[in-house]
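Read-outs: derived from the displayed coordinates by stated rules, not from any lab. These numbers come from a predicted model, not from an experiment. Neighbour counts run over all protein chains shown; Cβ positions are idealised from the backbone, glycine included.
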Amino acid sequence: MKNSNLLTTLAVIVVITTLLTLIVTVNKIGMTGKATDTATANFTINSAASISFITNVVNWGSGSVDEIPTAAYLYTNGTVVDGTWNSVSQGLTLQNDGNVNVTVSLTSSKAAADFVGGTNPEFKWLVSENESNSCSSGLNPTSWTAVSTGSTTICSNMSYDDSKDALDIDLMVKVPEDAIGTKGCVITATGTAI
Amino acid sequence: MDNEKVIVALLLIAILLSVVTLAITLSADVQKKNAESVNPADLVGVESADVQLNVLPNPAKGGSS
């Protein structure tokens, strides 16, 4: 008799559970009899990380260190100190032209010794916003810092909004008088979607 | 004996309800769509720039720097 009661209880539970399942299913899916119907238009916008250098060349041309000093200093703010190189008033400008915010890192193919050569050369960079609020996470570096061949994260959250999607990368080179020859290096920016 | 009949009746009801639930679920126009696969290449952008200069000897220093 006890077993019979237990079975009855279990059966009641099963029925209740099944009934609840039915109710939930009907609620989720909906029942027929509705006077309206719906149509669905589907489309997908894919995320795409894309960055580009609006200004992709810094070329000081040919020049020499002045007679008295032992080194010249070249800046991308238009300043050339103790040298005869062309004035360059525009650094590199990097734009986020994708549709997703990105983390931006820079690498250089060469550091100062390989790029410039000579005695105690310097090759430095600093980053600033070309358009206000382009980098909500803060920039790095914001003061002259030696260029590295390793990866340097300059902005952890660069906006893709057209009104605020550009960063400036200014460069400085100290050219020792004994660094004769043609110099060149490649700076690579990588933007990773976040 | 009465309990047995009740149990059998309840189980039959449970089976019937399960079948109805299954039928509704199967007949519903429900589609499970896999998430769009994202091409990893779309998540990374790479761009390069050149920095150049030419260092000449200063003639005033005898042309040899």
Would you mind ranking A:Glu131, A:Glu177, A:Glu67 so that the residue whose beta carbon has the fewest other beta carbons within 10 Å leads the list? A:Glu67, A:Glu131, A:Glu177
Of A:Ala71, A:Ala39, A:Ala49, which has the largest mean-square fluctuation in a 10 Å C-alpha GNM of chain A? A:Ala39
Would you kindly enumerate the cysteines in chain A that have no other Cys beta-carbon under 4.7 Å from their beta-carbon? A:Cys185
With +1 on the Cβ of every Lys and Arg and -1 on the Cβ of every Asp and Glu, and nothing else charged, how large is the dipole of the protein assembly as shown about its Cα centre, in debye rounded to the nearest 20? 1260
Count the lysine pairs in the protein assembly as shown whose Cα atoms sit under 19 Å apart, keeping only pairs 8 or more residues apart in sequence or on different chains. 10
For A:Thr107, A:Thr119, which order do you get if you count the other beta carbons within 10 Å of each Cβ and list the fewest first? A:Thr119, A:Thr107
If you build a Gaussian network model of chain A, linking Cα atoms that sit under 10 Å apart, which residue out of A:Val15, A:Val147, A:Val116 swings the most? A:Val15
Around A:Ser128, with a cut-off of 12 angstrom between Cβ atoms, what is the net charge of the other residues, counting Lys and Arg +1 and Asp and Glu -1? -4
